[in-house]
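The structure under discussion appears below in the form of structure tokens.
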Amino acid sequence: MLLLTLLFSQQAAAAATFKTNMIQFDPWTCLVAGGDGSQTEGIIVDLLNEFERRSGYKTERTMVPYAWVEQNLQQGSTDFSLMAWGEACARYAERSSCLVPLSFGVRARKNFHIPDYDALYKIRIGTPRGLKIAPRYDADTVMNKQLVLDYTTGV
């Protein structure tokens, strides 16, 4: 009996496919340089490959801008995504395992000192569109934020 249940479970797991959105930010997910325009690479691609290998589940992957990931999770048109967790995410998603600890910060020009939050008002900051950093920063409309498509453009 246990063997039949185990075999059935493995077959069911092998047949299941989850829709997932991959964040279109290099190094998280990007198109393969010189590829045919449909092949992706990056940290999230590697993590999803490992998820499939270990779990037996398959993923139907779509690369989208960060803001679309949140929208698709809220609408239920994607099953899950691998992304940075912030308290704002609690409105539409459940937090799972922490795979990689992340810290957000500002990379400034050489010799530019940023001792506190107020020093950020003196510079223009490239911020990826839709990325949630922290409630105070996200809601700050006075700060000179240049919304960009990805980290590379921000630099």
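Taken over region 114-155, residues that are small (Gly, Ala, Ser) and in contact (Cβ under 8 Å) with a residue 24 or more places away in the chain amount to 4.
Anything in region 87-131 that is part of a loop (DSSP other than H, G, I, E, B), open to solvent by less than 60 Å² (accessible area, probe 1.4 Å) and either within 30 Å of PHE51 (Cβ to Cβ) or touching a strand residue (DSSP E or B) at 6+ places or on another chain (Cβ under 7 Å) (or both)? List them, or say none. Explain how you work it out, then say what you get.
So in region 87-131, the residues part of a loop (DSSP other than H, G, I, E, B) come out as 92-116, 123-124, 129-131.
Going one step further and asking which of them are open to solvent by less than 60 Å² (accessible area, probe 1.4 Å), we end up with 92-93, 108, 114, 123, 130-131.
Residues satisfying the conditions are TYR92, ALA93, GLY130, LEU131.
Each row is one residue, and each column tells you yes or no for (1) at pLDDT below 80; (2) surrounded by 11 or more Cβ atoms within 10 Å (Cβ to Cβ); (3) in contact with a Gly (Cβ under 6 Å, 6 or more places away or on another chain).
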{"site": "LEU3", "(1), (2), (3)": "yes, no, no"}
{"site": "ALA15", "(1), (2), (3)": "yes, no, no"}
{"site": "LYS19", "(1), (2), (3)": "no, yes, no"}
{"site": "VAL32", "(1), (2), (3)": "no, yes, no"}
{"site": "SER38", "(1), (2), (3)": "no, no, no"}
{"site": "GLY42", "(1), (2), (3)": "no, yes, no"}
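Are any residues in region 67-80 open to solvent by less than 70 Å² (accessible area, probe 1.4 Å) and in contact (Cβ under 8 Å) with a residue 24 or more places away in the chain, and if so, which ones? Of everything in region 67-80, those that are open to solvent by less than 70 Å² (accessible area, probe 1.4 Å) and in contact (Cβ under 8 Å) with a residue 24 or more places away in the chain turn out to be ALA67, VAL69, GLU70, ASN72, LEU73, SER77, THR78, PHE80. Output the qualifying pairs, or none if there are none: Cβ atoms under 8 angstrom, residues six or more apart or on different chains, first residue in region 54-66 and more than 18 Å from ARG129 (Cα to Cα) and outside any strand (DSSP E or B), second residue of a type in the set (A, V, I, L, M, F, W, C) and at pLDDT 90 or above. Pairs found: TYR57/PHE18; TYR57/PHE51. If I filter region 76-83 for residues that are at pLDDT below 90 and part of a helix (DSSP H, G or I), do I get at least one hit? No - not one qualifying residue is present in region 76-83.
The values are calculated or read from the model by the stated rules, or taken from the named source; none is laboratory data. Bear in mind the structure is a predicted one, so any value in this text is a computation, not a measurement. Here the Cβ is made from the backbone with ideal geometry for all residues, glycine too, and neighbour counts use every protein chain on show. To get the accessible areas, we keep the full protein, side chains included, count just its heavy atoms, and leave off ligands, DNA and RNA. Shrake-Rupley method; radii C 1.70, N 1.55, O 1.52, S 1.80 Å.
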